[in-house]
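The values are calculated or read from the model by the stated rules, or taken from the named source; none is laboratory data. Keep in mind it's a predicted model, so treat the numbers as computed, not measured. All Cβ positions, even for glycine, are placed from backbone atoms using ideal geometry, and neighbour counts span all protein chains on display. When the accessible area is computed, the model is the full protein with side chains, heavy atoms only, and any ligands, DNA or RNA have been set aside. Shrake-Rupley method; radii C 1.70, N 1.55, O 1.52, S 1.80 Å.
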Amino acid sequence: MGPLVRATSLHLSKFLGSGLLTAVFWLSILGVMPAWAEEAVTDPLTKEDTKPLEKEAANSIEGTLEQRDELVYDPRRQSLFPDFYYAFRKKQLDWWQKHRVEFTLSYDLLSQAYNDADVSVGGTAGDLSLSGRWLIMGHRFNKPIYLSFRLRDRRAYSEYAPSDIQGQTDLLWGTVDGFNDSGFQVPDLYFDQRLFEDKLALRYGQFSIDSFVDKHSMRGAKRYFLNQAFSNNPTVNFPSYGAGFATNWKPSENWELSAGISNIQGVEGDAQVDFSLDSNALFGTLQAAYSFTGMDGKGSRLQIMGWGGDENDVDDYRGGKGYSATLEHEGQEENEIYIVRFAQSFGDPTDTDMLLFIGHGKQIRGFDGFGLGVGAGRSNSTQIWQSVVEAYYRWQVTKELVISPDIQLIFGSDNSTKESKVRVVGGIRLGIIF
């Protein structure tokens, strides 16, 4: 058994004793355990079909709710615990009918191991999240005002979390987005107001600004690619959270304009989240997107984003500015996507000042899916290049359980010695969502 396999097995075994207990604890807080679910209840919630290029960002609250609802009625996937699953969904419907609150509870685990000629390191971490929104005014389809919220607990179950692998190696960017050891946080608590038949969205409060901009159809480390070249944008130093304002305007069926400004309260991995407005630095972004009919009559979307961030006294945050251009195109088959992105930054906000990637994803067997991405980035200090090839398969085992094996091959020079080498990163991701 090689070091890569041994490391992955070790990290998974450590999870079994702590991660599941945490998940059970949160379920008990919600007052929902299998004991009260004596018989299966037909799920009365409706399923909404959304075109791939029109879906919300997978890491946003609305995107999280959208993903949960995709499997509600489809008969191709059964529940692992049918009594509990349908009773829990009935509980969610009751909360919506009585309190106008919709929510979803999810637990995601990642075990990842890195290996090259000189270094072997790995890590395991879990992310337990309660995401939802409360319709406090208006009607769901007519001028609604939501209070959106996300509570999460991120824990490492080994010496290093998967997000720490970059710091232990010579990589220019991370092997995964998220999956750190930041502990309990309330990263999102904001008002979401929809006007003019949902053509204008106003959001103000505490949020992660990258949930609203720089999206593409396969962005989100809990569901799609893991490597930050695809699951985030390593040329942008997005603040992990902050208080601010964001807006999205759709003046026509083809055009979409977005803008946002947020103070900088913390960066990836920070445990503290507060709601103060006294930050001495701001992060701002402007984005325009145009949807059009591409080759063979398929849907396409071109997105241009510009951004800028100030220097700040927050640890590890560096100011700068930059832009990214993203083109998405639907494939020949249903739920097949091609993505091309080019991004560049100025002012050394991150270790990577230029990025190019091409990605392909396809949904098969109902809700299974696979993805293949090829990307390359340049160091802002030494101008060396590193490239990555990543492939994953997402197996939707049951309505609530998904398992995704993942492999990354990273090529290029060491940022210190300038020696070229090959790095292998293997991972296994498990997700449970209710």
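Structure above, values below:
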read-out: Net lengthening on full extension, residue 249/residue 340 (0.36 nm per residue, minus Cα-Cα); value: 30.4 nm
read-out: Heavy-atom accessible area per residue - the stretch 44-152, 1.4 Å, Å²; value: 44
read-out: Pair residue 348, residue 94: separation of 7 Å Cα→Cβ label points (nm); value: 5.9
read-out: In order through the stretch 231-248: 3J(HN,Hα) via Karplus (6.51 cos²θ - 1.76 cosθ + 1.60), integer Hz, x for Gly, Pro; value: 8, 8, 9, x, 8, 10, 8, 4, x, 5, 6, x, 9, x, 9, 9, 9, 9
read-out: Probe 1.4 Å, protein heavy atoms only - accessible area per residue of the stretch 314-434 in square angstrom; value: 41
read-out: Protein accessible area in the stretch 297-434, 1.4 Å probe - carbon and sulfur %; value: 60
read-out: Residue 196-residue 409 pseudo-label distance in nm [points 7 Å out on the Cα-to-Cβ vector]; value: 5.0
read-out: Peptides 320-333, 214-227, 104-117 ordered by average Cβ neighbours within 10 Å, highest first; value: 214-227, 104-117, 320-333
read-out: Cross-link table 199/321; 222/421; 55/222; 55/215; 199/362; 298/362, entries beyond 18 Å C-alpha to C-alpha; value: 199/321; 222/421; 199/362
read-out: Per DSSP, loop trypsin sites (Lys or Arg not before Pro) in the stretch 378-425 with at most 11 further Cβ within 10 Å; value: 418
read-out: Where labels lie 7 Å past Cα in the beta-carbon direction, separation of residue 372 and residue 140 in nm; value: 4.0
read-out: Under 13 Å, Cβ to Cβ, from residue 118 - net charge with Lys/Arg +1 and Asp/Glu -1; value: -2
read-out: Alpha carbon centroid spacing (whole Å) that separates the stretch 158-178 from the stretch 323-347; value: 25
